[in-house]
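**Q** Got a structure for you, written out below as structure tokens; questions coming shortly.
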Amino acid sequence: MVQFKSSRYLGLLLASFIAVMMFVQPVSAASKMPSFVLPDVVTGDSVDSKQFSGKTLLVTFFATWCPPCMQEVPDLIELQNKYGDKGFSVVALSVDQGGSGVVKKLVEKRSINYPVLMASSGTARDFGGVVGIPTSFLVNSKGTVVKKYPGYVPHVLLENDIKSIMK
């Protein structure tokens, strides 16, 4: 009986991984990350994408009311902790319509350690059309978008992709 449960779990895990892999979309190698100047939700200061020049980035579109987005937060915090001093940064772009107040509360409550910015109405369009959230983009140190991840992405997959382009 125990063996049956283990194989069933393994099968579900494998099926989930295959489903995620089907949705990982490579972006054209010539696709440069769009430039932006957006307000930081905590300080209100303008953050220019040029500040991240030379870094590997995981740019993620999210909203505070999105359960899969909130599920990603601990993973993103861990990735920032692990690789933040090695030329990597998570950059979160909020698409919340109610303003930065609710997003700021989330940042403080969850002790988010990476930049969280308020996306403008055109930011998602500039990134090639974000049709659902979360949607994340992996950007290499040269500013080229190398992968697009629609939906929640398991931590292991993100970390493996980040490590492979930081070599």
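**Q** List every residue pair whose Cβ atoms sit under 7 Å apart, with the two residues 6 or more apart in sequence or on different chains, where the first one lies in the range 48-62 and is under 13 Å from residue 92 (Cβ atoms) and touching a residue at least 12 places away in the same chain (Cβ under 8 Å) and the second, anywhere, is in a loop (DSSP other than H, G, I, E, B) and of a type in the set (Gly, Ala, Ser).
**A** 61/119
**Q** Return the residue satisfying two criteria in turn: it lies in the range 151-167 and is part of a loop (DSSP other than H, G, I, E, B) and out of contact with any Pro (no Cβ under 9 Å at 6 or more places or on another chain), and of such residues it is nearest to residue 137 (Cα to Cα).
**A** Among residues in the range 151-167 that are part of a loop (DSSP other than H, G, I, E, B) and out of contact with any Pro (no Cβ under 9 Å at 6 or more places or on another chain), the one nearest to residue 137 (Cα to Cα) is 154.
**Q** Check 102, 42 and return the single one that is over 22 Å from residue 145 (Cα atoms), modelled with pLDDT of 95 or more and in a loop (DSSP other than H, G, I, E, B).
**A** Only one candidate passes the filter, namely 42.
**Q** If you don't mind, another one. Taking the conditions exactly as written (among the acidic types (Asp, Glu), at pLDDT 95 or above, out of contact with any helix residue (DSSP H, G or I) (no Cβ under 6 Å at 6 or more places or on another chain) and within 25 Å of residue 35 (Cβ to Cβ)), does residue 161 satisfy them or not?
**A** When the stated conditions are applied, residue 161 passes them.
**Q** Taking the range 48-76 on its own, how many of its residues are farther than 14 Å from residue 115 by Cα and assigned to a helix (DSSP H, G or I)?
**A** Total meeting the criteria: 8.
**Q** Go through the residues of the range 120-136 one by one and say whether even a single one is charged (D, E, K, R) and buried (at least 18 other Cβ atoms within 10 Å of the Cβ).
**A** Taking every residue of the range 120-136 in turn, none turns out to be charged (D, E, K, R) and buried (at least 18 other Cβ atoms within 10 Å of the Cβ).
**Q** Can you tell me which residues in the range 105-133 are in contact with a helix residue (DSSP H, G or I) (Cβ under 9 Å, 6 or more places away or on another chain), of a type in the set (Val, Ile, Thr) and either closer than 12 Å to residue 41 by Cβ or modelled with pLDDT of 95 or more (or both)?
**A** 112, 116, 133, listed by residue number.
**Q** Among the residues in the range 77-97, are any outside any loop (DSSP other than H, G, I, E, B), touching a His at 6+ places or on another chain (Cβ under 9 Å) and touching a residue at least 24 places away in the same chain (Cβ under 8 Å)?
**A** yes
**Q** Within the group 118, 70, which residue is within 22 Å of residue 39 (Cα to Cα) and over 13 Å from the mean Cα position of the chain (by Cα)?
**A** Exactly one residue qualifies, and that residue is 118.
The values are calculated or read from the model by the stated rules, or taken from the named source; none is laboratory data. Remember, predicted model here, so these are calculated numbers, not experimental data. Cβ sites come from the backbone with ideal geometry, for glycine too, and all protein chains shown count toward neighbours.
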